[in-house]
Amino acid sequence: MTHCNKQRTLFQSHFSRRVKGDFSAEPISSDGGRLLLRELEQRLGMISSFANCFRDYREPSN
């Protein structure tokens, strides 16, 4: 059985800013990253450009 830890976690400060992790939120979706990548790809085409940097030497008939 999974036990959830709802305590806050403090991390090392970043310059003058305090960094903390707070895991007390309700269950959330992990799809947010994919939505962001989709928007970036539609606007900038960066994934297509990155993919064009590689050559596929596999033989399609195999």
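List of remarks:
- E59 falls short of the stated requirement of being surrounded by 10 or more Cβ atoms within 10 Å (Cβ to Cβ) and at pLDDT 75 or above.
- Within segment 1-24, tally of residues that are at pLDDT below 70 and part of a loop (DSSP other than H, G, I, E, B): 8
The values are calculated or read from the model by the stated rules, or taken from the named source; none is laboratory data. Since the structure is predicted, the reported quantities are computational estimates derived from the model, not experimental observations. Because the Cβ atoms are built from the backbone with ideal geometry, glycine has one as well, and the counts that use them run over all protein chains shown.
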